[in-house]
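S.K.: I am attaching a structure below and will ask some questions about it afterwards.
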Amino acid sequence: MPRAVKGVLVECDPSIKALIISLDSKNHNIVLADLDDEHLVIEERMVEHVKRELDSQLAENTFKPAELDDIQRK
């Protein structure tokens, strides 16, 4: 018998979707359904966790002009 689980539809570009799937691969407790290239259904209680993790990963991988200054000085 199927059981209902509250989920949130997420629309994002494929690169963000890949990050969310990567997060899910550790515990398998985030993604409920992988719908297509730009849509996922994720566990409602995990939305804030996903937002925090994405913010953290994107901050690490975003170019910062100060880094350019350091490179130019060398």
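S.K.: Would you pick out the residues in region 55-74 that are modelled with pLDDT under 80 and either under 18 Å from Ile21 (Cα atoms) or in a loop (DSSP other than H, G, I, E, B) (or both)? Walk me through how you get there before you give the answer.
M.R.: So the first thing to find is which residues in region 55-74 are modelled with pLDDT under 80, and the list is 62-74.
Residues satisfying the conditions are Thr62, Phe63, Lys64, Lys74.
S.K.: From Arg45, Arg52, grab the single residue that is closer than 15 Å to Val5 by Cα and part of a helix (DSSP H, G or I).
M.R.: Working: Arg52 fails: closer than 15 Å to Val5 by Cα.
Answer to the check: Arg45.
S.K.: Now, a different point. I'd like the residue in region 13-31 that is within 13 Å of Val50 (Cβ to Cβ) and touching an Asp or Glu at 6+ places or on another chain (Cβ under 6 Å) and, out of all such residues, is most open to solvent (accessible area, probe 1.4 Å).
M.R.: Filtering region 13-31 for residues that are within 13 Å of Val50 (Cβ to Cβ) and touching an Asp or Glu at 6+ places or on another chain (Cβ under 6 Å), the one most open to solvent (accessible area, probe 1.4 Å) comes out as Val31.
S.K.: Among (1) of a type outside the set (Ser, Thr, Tyr); (2) in a loop (DSSP other than H, G, I, E, B); (3) at pLDDT 95 or above, which single condition is Lys17 missing?
M.R.: Result: Lys17 passes all but (2).
S.K.: Another question, then. Which of the following residues is loosely packed, with under 15 Cβ neighbours inside 10 Å and out of contact with any Pro (no Cβ under 7 Å at 6 or more places or on another chain): Leu9, Leu40?
M.R.: On the way: Leu40 fails: loosely packed, with under 15 Cβ neighbours inside 10 Å.
The match here is Leu9.
The values are calculated or read from the model by the stated rules, or taken from the named source; none is laboratory data. Bear in mind that the values here come from a model prediction, so they are computed numbers and not experimental data. Here the Cβ is made from the backbone with ideal geometry for all residues, glycine too, and neighbour counts use every protein chain on show. Only protein heavy atoms, including side chains, enter the accessible area calculation; ligands, DNA and RNA are left aside. Shrake-Rupley method; radii C 1.70, N 1.55, O 1.52, S 1.80 Å.
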